[in-house]
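What follows is a set of notes on a single structure, which appears directly below.
The values are calculated or read from the model by the stated rules, or taken from the named source; none is laboratory data. None of these values were measured; they are calculated from a predicted model. With ideal geometry, Cβ positions are generated from the backbone for all residues, glycine too; neighbour counts draw on all protein chains shown. Areas reflect the complete protein model, heavy atoms only, side chains present, ligands, DNA and RNA absent. Shrake-Rupley method; radii C 1.70, N 1.55, O 1.52, S 1.80 Å.
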Amino acid sequence: MREQTSLSEQTIFRNAKLADGSLADFFVTGGRFRAIAPAGKAPPADFAAVAPGIVPAIIDLGGQLVVPAFVEGHIHLDTSFYGDAWRPHIPCTNGFDVRERVAFQAQNLAAAAPMAERAKNQLELCVGNGSLAMRSHVMVDASVGLSHVETILAVREKYRDLIDIQLVAFPQSGILSSPGTAELLDEAMKLGCDLVGGLDPASFDRDVNGHLDVVFALAQKHGAGIDIHLHDGGALGLFQVEEIAARTRVLGMAGRVAVSHAYGLGDIPADALAKAGTMLAAAGVAIMTNAPGNHAFPPVAALRQAGVTVFSGSDNIRDSWWPYGDGDMLNRANMIGYRSGFYEDRELEAAFDVVTHAGARALGLADHGIAVGASADFVAMPARHVPEAVVAVPKDRTVYRRGRAVARDGKVLAR
Ligand SMILES: [Zn+2]
């Protein structure tokens, strides 16, 4: 276990290129930005006073672009085979079917390396690429019970110093159609999950109100947030988005509810989308999209314009759903921009915002960003500015956690 950053530890980072093009120096104490000043200035007077007699370490960032650590807003640490044997994708027998995919997943998992090992591989992949905050869904159902949650909670504890992880108790096999799941979700929240999950209330459980009653009641009981997987398209998807927004509003849960995928928002007419955007923004419901390659997905620019927090994640990496995914949220910003037809600098910056500041907002991370008082979690890379980083996706990055280098060139440094 890496020792915690001591409160008196001080580092000066010289010559950081900020997003606005200026060069800055960071004065970091105890893992937090104590001051951020134009490059070349002397340390602020109180910087020295924190730990008299201690000489701060100096790291020259050499004019590299320095950005906030990325936010991996949607991943599945328990079901990935990353680092394990290759599992060829098994196609559904008669078109995409969530139940059939869950069955393939159970088959694959039975033959996989231990979960803690696979989760660690995936987690280090993400940290190596610069994500230092993450939201992982963890499967809870009658067949696996709480075993996934228990394992991933232990992994989170082990990596607490390296990355902040929120866990969603995820009813992978539905709630009403998998008896006992509501009770298991309750237990998962008691064990330490942070959010209550959900899964296609209409198409999976075929009871929108019944499913959402359980999800929202558990969230209220535990004072927790909500993040619901919603794959249903078109009007059916839109209807559920509206129901979730309405409940969020009534219960005063603004800023604590997210809908993941929300494919339906990607295939409805513009006027319906505008209405949905206004409703989501007013209710404070965030939308997660990974900009899937073969699917309609929520229009990022239109939703942002309406004031909706749009964030992103890798979702599945080398698992039973698809073989893709690289755990790199900068590459994800590239995909979002590519799939959205973003060309202008301001659009590329928007794609970047989705994987940084908007992600932090969706996850409720008060400590995020390059700002005085925030945790000194940042990524340095060879790029002239954010738009160039989004299109070029430079891989030779250094990742700093609480003011210390924790990963370089995609690899987590020795612990
Ligand atoms: Zn997912």
Can you tell me the relative contact order of region 23-150? Whole percent, Cα pairs under 8 Å, sequence separation 6 or more. 28 percent
Accessible area per residue of region 44-139 at 1.4 Å probe, in Å²? 40 Å²
Accessible area in square angstrom per residue, region 311-365, 1.4 angstrom probe: 38 Å²
For region 198-294: accessible area per residue (Å², 1.4 Å): 36 Å²
Do you know the Lys pair count in the chain for C-alpha distances under 19 Å, with sequence separation 8 or more or different chains? 7
The percentage of the accessible area of region 57-145 (probe 1.4 Å, all protein chains present) made up of carbon and sulfur atoms, to the nearest whole number, is 57 percent
Contact order normalised by residue count of the chain, Cα under 8 Å, 6+ apart, percent: 20 percent
Select from Cys193, Ala358, Gly128 the residue farthest towards the positive end of the dipole of the chain; place +1 on Cβ of Lys and Arg, -1 on Cβ of Asp and Glu, and compute about the Cα centre. Gly128
Would you work out which of Pro292, Val379, Pro269 lies farthest towards the positive end of the dipole of region 260-391, given +1 charges on the beta-carbon of Lys and Arg and -1 on that of Asp and Glu, about the Cα centre? Pro269
So, with a 1.4 angstrom probe, what is the percent of accessible area on region 274-406 that is carbon and sulfur? 54 percent
Modelling each spin label as a point 7 Å along the Cα-to-Cβ direction, I'd like the Arg14/Gln107 distance in nm, to one decimal. 6.0 nm
Spelling out what I want: for every residue of region 381-391, take phi, set θ = phi - 60°, compute 6.51 cos²θ - 1.76 cosθ + 1.60 (Karplus), and round to whole Hz; glycine and proline get x. 8, x, 8, 7, 6, 4, x, 5, 4, 5, 7
Note on region 87-227: contact order normalised by length, alpha-carbon pairs under 8 Å, 6 or more apart, percent, works out to 20 percent
Given unit charges at Cβ for Lys, Arg (+) and Asp, Glu (-), the dipole magnitude of the chain about its Cα centre in debye, nearest 20, is 960 debye
Leaving out ligands, DNA and RNA, and with a 1.4 Å probe, what % of the accessible surface on region 148-189 is carbon or sulfur? 52 percent
